[in-house]
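Peer 1: What follows is a single structure, and I will ask about it in a moment.
The values are calculated or read from the model by the stated rules, or taken from the named source; none is laboratory data. Keep in mind it's a predicted model, so treat the numbers as computed, not measured. Reconstructed Cβ throughout: ideal geometry from the backbone, glycine too, with neighbour counts over all protein chains shown.
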Amino acid sequence: MMVLVLITTASCINTKGNSSSVLKEEAIKPEKLSISQTLKENNHLPIKEQVALYLKLKKESPDAYNFENEDELTMYGYSYLWGNEVTEAIEIFKLIVQQFPNSSNPYDSLGEGYMVNGNNELAILNYEKSLALNPDNFNAEDQIERIKNPEKKLATFADKFSKVYTIKAYKEDLNQLGKKLIEVHPNALKFISEKDFWETIKQKKALLTESTTFSEFYWYCSEIIANINCSHTSMSNSFREADILPVSLRFPIQTRWINEQLFVIDPLNNKNNVAVKNEIVSINGIVVSELIDDIYKHIPSQGYIKTSKRYTFNALATSMIPYSLKFPTIYKIKVKGKENSIVLNKAKIVKNSFNSTFKKQCDDNLCLEFLDNNKNAVLTISSFNYYPWNNLSFFKQFIDNSIQEINEKDVENLIIDLRFNGGGSPESSIHLLKYLIDKPFNYFSNTTNSEKDKVYTTFNNGFKGKLYFIIDGNGKSTTGHFIALVKDLKLGTIVGEELGSNQFCTAGQTILRLSNTKLKFNAANSTSKLTISSLPDEVGILPDFYVTQSIDDYLNKVDTVKNFTFNLIEKQH
């Protein structure tokens, strides 16, 4: 599903410090209502009555709702499809086709609905219409082939791990990769010059041989994509290289990169060779810092932010180390304090590394905790992944109830913990900000969001005490927007490490596929930027107090950052 958006610019007036995000009352324009949320609020109605309600509202109140947001309505349709309410999904998809007849995606969605419903004839008809409008829609191409030839098995990435294509095929795909990234991504050359971008592709072409495998080519492409340095742009399915790597080729120890040191956190089947907390200084003769630098070239990030790369590496180290070292069959490591190299046993199992062993987990990523006789409260928001077409009302209710309870208890200090928050909808971020900002504010300024010059009024029952925000390198996309406004408006004290994003963010996502190798990748297709000029686009939002875990705190499950914040509150009072 492709997000189509328009770049907008808001007119802002500085009313608080150097901020350009807070506006005068007279600049306020009414907010457009979400049509998908309105339909969801009326989902007790039969689906045909919901469609009739949509058409009625569009006729009578065309400027009151975001009728131009095809993508949001599409997701509402998929909420039915994913809930196995196929007939309802088809009716919504038919409505979208009617409203956006020249767009490829609605026909693709309708084709999927008919296919799930067993109507292959109508499925093919709609997939062919989608393909005619967008020849790059490989999903429609694949589904037509799958319906016509159900006995034919499509090769998986794992099947192709050792497959070799011709040099000509690889080169054609590298050219296509470069051209598509620049064509689709609105900021493809923001953080890299066009000359350097194509030079990287040229270097990868020079590495190709008659024996280059699909997996090696995949690794080359990941560096080219990471060079864009923008969010929402990556290899398809978030590092599928980890999924296709045979277990026997994985690095057979779980590690963690902390404060420029690589520690063993789980020896797995190498307990006879290494121990927890051993520091690895080299792998197969390569100094660890050099190995990490090479791997970082293949990990996407926003701008030049390394904290987000570190979290990705720590989660996927057992697969990324093999790719960087070209899939060795034997691993030799040097451990600090030991003279001889250690030959490791081959990996036998795959075990995911969890970053949050020290952090309390919340139901639905949201929780509220009161401490010190209600003097302090911790509001944990591990995700903004709440959308108008699905569960935004759940998020809003949680925030509304939480702020009401916080105010009733006269909480003096509110800690908002945003660690591990990979982003989500702007609507959820904005709803929370309405309780934290005391003046009308602007959110997007340069964006492909469909509504122009949108200004938000704040709630009268906002929190009046002191605010503290805890952040980390996992904070991406919408979390970057949220914390950028916090920083710009000086809403409170920020503790932790460099955030994984900032006020500049590319958004949306177009899934693309290379013609020969069939390698999939994602490219952002829109821009979402806040009205903030005081912060650089190249780095993440920086904390007021930089705090990170030591290896001892990680292993002992000590929440270093939260403890620091509690101590800071005590000192400041």
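Peer 1: Given the criterion surrounded by fewer than 18 Cβ atoms within 10 Å (Cβ to Cβ) and either modelled with pLDDT of 90 or more or among the basic types (Lys, Arg) (or both), identify the matching residue among Gly500, Gly465, Gly480, Gly473.
Peer 2: Just a single option satisfies the conditions, and that option is Gly465.
Peer 1: For the range 282-308, name all the residues that are among the charged types (D, E, K, R) and within 12 Å of Leu262 (Cβ to Cβ).
Peer 2: The one that is among the charged types (D, E, K, R) and within 12 Å of Leu262 (Cβ to Cβ): Glu290.
Results for (1) over 22 Å from Pro426 (Cβ atoms); (2) of a type outside the set (Phe, Trp, Tyr); (3) crowded, with 16+ Cβ neighbours inside 10 Å, shown as yes or no for each residue.
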position: Tyr65; (1), (2), (3): no, no, yes
position: Glu68; (1), (2), (3): no, yes, yes
position: Tyr80; (1), (2), (3): yes, no, yes
position: Gly83; (1), (2), (3): yes, yes, no
position: Val86; (1), (2), (3): yes, yes, yes
position: Ile90; (1), (2), (3): yes, yes, yes
position: Ile96; (1), (2), (3): no, yes, yes
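Peer 1: Further question: Filtering the range 137-166 down to residues that are closer than 17 Å to Leu512 by Cα and surrounded by fewer than 17 Cβ atoms within 10 Å (Cβ to Cβ), which residue is nearest to the chain's Cα centre (by Cα)?
Peer 2: Thr156
Peer 1: Sort out which residues of the range 458-485 are part of a helix (DSSP H, G or I) and more than 17 Å from Ser382 (Cβ to Cβ), and write them in order of number.
Peer 2: Ala484, Leu485, listed by residue number.
Peer 1: Another one. Only one residue in Phe67, Phe138 is outside the structural domain of Lys454 (by TED's automatic domain parsing), in contact with a Lys or Arg (Cβ under 8 Å, 6 or more places away or on another chain) and in contact (Cβ under 8 Å) with a residue 60 or more places away in the chain, so which one is that?
Peer 2: Being outside the structural domain of Lys454 (by TED's automatic domain parsing), in contact with a Lys or Arg (Cβ under 8 Å, 6 or more places away or on another chain) and in contact (Cβ under 8 Å) with a residue 60 or more places away in the chain holds for just one of Phe67, Phe138, which is Phe138.
Peer 1: Here's another thing I want to ask about it. Given the condition part of a helix (DSSP H, G or I), within 27 Å of Phe100 (Cβ to Cβ), hydrophobic (A, V, I, L, M, F, W, C) and touching a strand residue (DSSP E or B) at 6+ places or on another chain (Cβ under 6 Å), answer yes or no: does some residue in the range 136-149 qualify?
Peer 2: Yes, because at least one residue in the range 136-149 is part of a helix (DSSP H, G or I), within 27 Å of Phe100 (Cβ to Cβ), hydrophobic (A, V, I, L, M, F, W, C) and touching a strand residue (DSSP E or B) at 6+ places or on another chain (Cβ under 6 Å).
Peer 1: Being surrounded by fewer than 18 Cβ atoms within 10 Å (Cβ to Cβ) and within 18 Å of the chain's Cα centre (by Cα) is the filter here; which residues of the range 538-572 pass it?
Peer 2: Glu538, Val539
Peer 1: Filter the range 294-325 for residues that are aliphatic (A, V, I, L, M) and touching a Lys or Arg at 6+ places or on another chain (Cβ under 9 Å); which is surrounded by the fewest Cβ atoms within 10 Å (Cβ to Cβ)?
Peer 2: Here the answer is Ile299.
Peer 1: Provide a single number: the residues in the range 379-400 that are in contact (Cβ under 8 Å) with a residue 40 or more places away in the chain, touching a strand residue (DSSP E or B) at 6+ places or on another chain (Cβ under 8 Å) and in a loop (DSSP other than H, G, I, E, B).
Peer 2: 4
Peer 1: Given the residues Gly492, Gly465, Gly423, which is the only one that is under 18 Å from the mean Cα position of the chain (by Cα) and not polar (S, T, N, Q)?
Peer 2: Gly423
Peer 1: Now a separate question. Return yes when Lys204 is outside any loop (DSSP other than H, G, I, E, B) and over 19 Å from Lys326 (Cβ atoms) and no when it is not.
Peer 2: Against the criterion (outside any loop (DSSP other than H, G, I, E, B) and over 19 Å from Lys326 (Cβ atoms)), Lys204 does not qualify.
Peer 1: For the range 94-116, what are the residues that are closer than 16 Å to Ala52 by Cβ and touching a Ser or Thr at 6+ places or on another chain (Cβ under 9 Å)?
Peer 2: Hit for the range 94-116 is Ile96, nothing else.
Peer 1: Further question on the same structure: In the range 366-377, is there at least one residue being at pLDDT below 95, under 24 Å from Asn556 (Cβ atoms) and assigned to a loop (DSSP other than H, G, I, E, B)?
Peer 2: Checked the range 366-377: at least one residue is at pLDDT below 95, under 24 Å from Asn556 (Cβ atoms) and assigned to a loop (DSSP other than H, G, I, E, B).
Peer 1: What is the one condition in (1) modelled with pLDDT under 95; (2) under 23 Å from Ala523 (Cα atoms) that Ile182 does not satisfy?
Peer 2: Against the list (1) modelled with pLDDT under 95; (2) under 23 Å from Ala523 (Cα atoms), Ile182 comes up short only on (1).
Peer 1: Give the residues of the range 503-530 that are of a type in the set (Gly, Ala, Ser) and either touching a Lys or Arg at 6+ places or on another chain (Cβ under 6 Å) or at pLDDT 90 or above (or both), sorted by residue number.
Peer 2: Ser515, Ala523, Ala524
Peer 1: Quick one: how many residues across the range 539-548 are over 13 Å from Ile471 (Cα atoms) and touching a strand residue (DSSP E or B) at 6+ places or on another chain (Cβ under 9 Å)?
Peer 2: Qualifying residue count, the range 539-548: 0.
Peer 1: Looking at the range 455-471, I want the residues that are farther than 9 Å from Glu412 by Cα and have a partner that is polar (S, T, N, Q) and assigned to a loop (DSSP other than H, G, I, E, B) with Cβ atoms under 9 Å, at least 6 apart or on another chain. Which pairs are those?
Peer 2: Matching pairs, first to second residue: Ile471/Asn421.
Peer 1: Collect the residues in the range 55-67 that are within 14 Å of Pro388 (Cβ to Cβ) and not hydrophobic (A, V, I, L, M, F, W, C), keeping them in residue-number order.
Peer 2: Passing the criteria: Tyr65, Asn66.
Peer 1: Given the structure, is Ser533 among the small types (Gly, Ala, Ser), farther than 28 Å from Glu412 by Cβ, surrounded by fewer than 24 Cβ atoms within 10 Å (Cβ to Cβ) and modelled with pLDDT under 90?
Peer 2: Against the criterion (among the small types (Gly, Ala, Ser), farther than 28 Å from Glu412 by Cβ, surrounded by fewer than 24 Cβ atoms within 10 Å (Cβ to Cβ) and modelled with pLDDT under 90), Ser533 qualifies.
Peer 1: Return yes or no: is Val335 more than 28 Å from the chain's Cα centre (by Cα), of a type in the set (Val, Ile, Thr) and surrounded by fewer than 19 Cβ atoms within 10 Å (Cβ to Cβ)?
Peer 2: For Val335, the condition - more than 28 Å from the chain's Cα centre (by Cα), of a type in the set (Val, Ile, Thr) and surrounded by fewer than 19 Cβ atoms within 10 Å (Cβ to Cβ) - is met.
Peer 1: Could you give me the residue pairs with C-beta distances under 6 Å whose first residue belongs to the range 265-292 and is surrounded by fewer than 18 Cβ atoms within 10 Å (Cβ to Cβ), whose second residue is assigned to a helix (DSSP H, G or I) wherever it lies, and which are 6+ apart or on separate chains?
Peer 2: Matching pairs, first to second residue: Val281/Val288.
Peer 1: Can you name the residue in the range 167-201 that is assigned to a loop (DSSP other than H, G, I, E, B) and touching a residue at least 24 places away in the same chain (Cβ under 8 Å) and, of all such residues, is farthest from the chain's Cα centre (by Cα)?
Peer 2: Applying the filter and picking the extreme gives Ile192.
Peer 1: I've got another one for you. Looking at the range 1-101, what helices (runs of 4 or more DSSP H) fall wholly within it and have at least 2 residues that are among the acidic types (Asp, Glu), modelled with pLDDT of 90 or more and over 27 Å from Ser528 (Cα atoms)?
Peer 2: 47-60, 86-99
Peer 1: Here's something else I'd like to know. Which of the residues spanning the range 536-573 are under 20 Å from Asn229 (Cα atoms) and either in a strand (DSSP E or B) or in contact with an Asp or Glu (Cβ under 7 Å, 6 or more places away or on another chain) (or both)?
Peer 2: Val539, Gly540, Leu542
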